[in-house]
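For reference, the structure is listed below as structure tokens.
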Amino acid sequence: MAEPIRIVTDSMMGLKLPDYARLSARVATVLGHNPGPFTGPGTNTYLVGTGKRPLLLDTGVGVPKWSELLPRGLNELCGSERPERVVVTHAHQDHIGGMKDVTRLFGDLPVLKRPWPTAGPDNAAGVPITAIDHDTVVETEGATLRAVFTPGHAPDHLCYYLAEEKALFTGDVILGAGTTVIPDQTGDLGQYMDSLRRLLALDVEKIYPAHGPVIPDAKRKISEYIQHRELRERQVLGALQDGPLEVARIVEKIYVDVPQFLHAAAAQSVRAHLRKLANERRVVEDGGRWSRV
Ligand SMILES: [Zn+2]
């Protein structure tokens, strides 16, 4: 049977989410309002816990609309005036950019994340970071989060497992629609695949992603993400079977169903695959053209 062109078929295009909403007894969300082709309606920031001082998980990119919605969401969804602590998945701007608003609104709060390997990205938060790592447990009233180190999309990335719901806050590792970006400079597809397999091994039923809607069948989505990248890898190798090619030619061969304006993003994905395959000594590059070993 012929292989499909792609495994993940949905996308962020046209998705809408409410300004804020209660998702379960211990999870509520406030929309970051930073829409785009890869952020969907914007970053989901989460309020976690059943008490008057829930955890705030991620802060969006830092737009006025979010800083208006956050106190309202806290009050209406949690009967709260102030979060207890801030927990961060990773130091990309659309996750830490709202920190300055958090400080302005609520004063200094502890901010927990795994440090980025170099100083710059964490400094952009503008607040001191309390370093946590894989397996760190963060507790609040009614909720227990355990950090799961998941590099690949970003070198500092932590997902958080919510024990009470067998649920996972996946940040940008798994999205509610479409697939995630593996950035050229700081991403690593080999690590990302290992991270997906680490998540699949968890006793997880539901995913709260950083972008897009809640995913009710976690195992299925994680498996789909793994299969999607495995298919892409076969496609990249297949594109090279008749001889060396530049990245742009590989994109044209594989992404026949993708509009031209997304080809730059597709090229980034192809480069991520080529770097992984080069690390595994299965392809080599010579003067911008890639060939199989
Ligand atoms: Zn990110």
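Coordinate-derived values only; no laboratory data. Because the structure is predicted, anything quoted here is derived from the model rather than measured. Glycine gets a Cβ as well: all are built from the backbone with ideal geometry, and neighbour counts include every protein chain shown.
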Consider region 73-114. How many of its residues are closer than 26 Å to Leu175 by Cβ and more than 16 Å from the ligand (Cβ to nearest atom)? 12
Criterion: aliphatic (A, V, I, L, M), surrounded by 19 or more Cβ atoms within 10 Å (Cβ to Cβ), more than 16 Å from the ligand (Cβ to nearest atom) and not in a helix (DSSP H, G or I) - qualifying residue of Leu70, Leu56: Leu56
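Conditions (1) part of a loop (DSSP other than H, G, I, E, B); (2) within 22 Å of Thr43 (Cα to Cα), marked per residue:
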{"position": "Phe169", "(1), (2)": "no, yes"}
{"position": "Tyr208", "(1), (2)": "no, yes"}
{"position": "Lys219", "(1), (2)": "no, no"}
{"position": "Val236", "(1), (2)": "no, no"}
{"position": "Gln241", "(1), (2)": "yes, no"}
{"position": "Arg275", "(1), (2)": "no, no"}
Quick check on region 88-99. Is at least one of its residues closer than 20 Å to Thr140 by Cβ, in contact (Cβ under 8 Å) with a residue 12 or more places away in the chain, in a helix (DSSP H, G or I) and acidic (Asp, Glu)? no
Output the residues belonging to region 143-174 that are touching a helix residue (DSSP H, G or I) at 6+ places or on another chain (Cβ under 9 Å) and hydrophobic (A, V, I, L, M, F, W, C). Ala143, Leu145, Val148, Phe149, Ala154, Cys159, Ala167, Leu168, Val173, Ile174
Among the residues of region 148-206, which ones are away from the ligand (no atom under 16 Å from the Cβ) and among the aromatic types (Phe, Trp, Tyr)? Tyr161
Could you run through region 124-142 and say how many residues are surrounded by fewer than 16 Cβ atoms within 10 Å (Cβ to Cβ), under 14 Å from Val86 (Cβ atoms) and touching a helix residue (DSSP H, G or I) at 6+ places or on another chain (Cβ under 8 Å)? 1
By residue number, the members of region 108-123 that are touching a residue at least 24 places away in the same chain (Cβ under 8 Å) and surrounded by fewer than 16 Cβ atoms within 10 Å (Cβ to Cβ) are Pro110, Pro117
State all residues of region 39-75 that are of a type in the set (Ser, Thr, Tyr) and within 14 Å of Gly97 (Cβ to Cβ); if no residue qualifies, say none. Thr39, Thr43, Thr45, Thr59, Ser67
Residues (under 10 Å from the mean Cα position of the chain (by Cα) and either aromatic (Phe, Trp, Tyr) or closer than 10 Å to Ser195 by Cβ (or both)) located in region 153-169: His153, His157, Cys159, Phe169
